[in-house]
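The values are calculated or read from the model by the stated rules, or taken from the named source; none is laboratory data. Since this is a predicted model, take the numbers as computed values, not measurements. Here Cβ is always computed from backbone atoms with ideal geometry, including for glycine, and neighbour counts include all displayed protein chains. The protein model used for the area step is the full one, side chains on, heavy atoms only, and it has no ligands, DNA or RNA in it. Shrake-Rupley method; radii C 1.70, N 1.55, O 1.52, S 1.80 Å.
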Amino acid sequence: SKKRGRRRKDRREDAQKAQLPAVAQAPAVPAVPAPSAAALADFQHATDLANAGHTADAELELKQFELRYPGYAIPAIDLGLLARRDGKLDQSEAALQRATALDPDSAVAWSELGVTLRQEGKFMQAQAAYAHALAADPVYAPAYRNLGVLLDLYLDDAAAALPQFERYQQLTGEG
């Protein structure tokens, strides 16, 4: 009788588990393979174009890279940086949002998104982006500096900014 009671309880628990929403079991995200030598060469070519000031050609190469090698966040980050440098903040934000979707653990993508959002006047969203950057990599120094600037100059909260600048100094040794 104890055994029967236990079985009924087990069946009830199994039925309750079966009714739980599937959200708790998200599918694993497949890892992006390491880039091939050809991919690295293509990316280097786009970077060289950008560094030489050939923005339009670099942008085209980076977009082609994204099409040939989907799944990599770095070209989206660079497209975001190029767009921001050209004052195209909406395009910068879109590219950096794409980068964070491709690599949610990229402190660089989150921090750069924060800079763009700050420049757009979206201060709370920028602060959230910096928080994502620091959650992804607690020793990514630029995120502390960027958060400190946002807090101090844009949100007028010097008291909250100070620990961010201090952590930045600890990480970089800058005085």
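Just one of the listed residues (ALA158, ALA128, ALA133, ALA143) is closer than 13 Å to GLU112 by Cα and surrounded by fewer than 19 Cβ atoms within 10 Å (Cβ to Cβ), and it is ALA128.
Would you check if GLN97 is at pLDDT 95 or above, touching a Leu at 6+ places or on another chain (Cβ under 7 Å), in a helix (DSSP H, G or I) and open to solvent by 40 Å² or more (accessible area, probe 1.4 Å)? Steps first, answer last, please.
Values: at pLDDT 95 or above: yes; touching a Leu at 6+ places or on another chain (Cβ under 7 Å): yes; in a helix (DSSP H, G or I): yes; open to solvent by 40 Å² or more (accessible area, probe 1.4 Å): yes.
Yes.
Contact map, the range 121-134: residues that are over 17 Å from ASP156 (Cβ atoms) paired with residues that are of a type in the set (Gly, Ala, Ser) and buried (at least 16 other Cβ atoms within 10 Å of the Cβ), Cβ distance under 7 Å, separation 6+ or inter-chain. Pairs shown: ALA129/GLY114; ALA133/ALA107; ALA133/SER111; ALA133/GLY114; ALA133/ALA143; LEU134/ALA143.
What tally of residues in the range 69-110 results from selecting those that are among the aromatic types (Phe, Trp, Tyr) and within 9 Å of the chain's Cα centre (by Cα)? Write out each step before concluding.
Filtering the range 69-110 down to residues among the aromatic types (Phe, Trp, Tyr) leaves 69, 72, 110.
Then keep just the ones that are within 9 Å of the chain's Cα centre (by Cα); that gives 110.
The qualifying residues number 1.
Yes or no: the range 67-80 includes at least one residue that is in contact with a Phe, Trp or Tyr (Cβ under 6 Å, 6 or more places away or on another chain) and open to solvent by less than 40 Å² (accessible area, probe 1.4 Å). So far as the range 67-80 goes, yes, one or more of its residues are in contact with a Phe, Trp or Tyr (Cβ under 6 Å, 6 or more places away or on another chain) and open to solvent by less than 40 Å² (accessible area, probe 1.4 Å).
Of all the listed residues (ALA41, ALA37, ALA83), the sole one being at pLDDT 95 or above and hydrophobic (A, V, I, L, M, F, W, C) is ALA83.
Taken over the range 41-58, the criterion of being at negative phi and either crowded, with 21+ Cβ neighbours inside 10 Å or in a loop (DSSP other than H, G, I, E, B) (or both) is satisfied by ALA46, ALA52, HIS54, ALA58. All conditions in (1) part of a helix (DSSP H, G or I); (2) modelled with pLDDT under 95 hold for TYR72, with the sole exception of (1).
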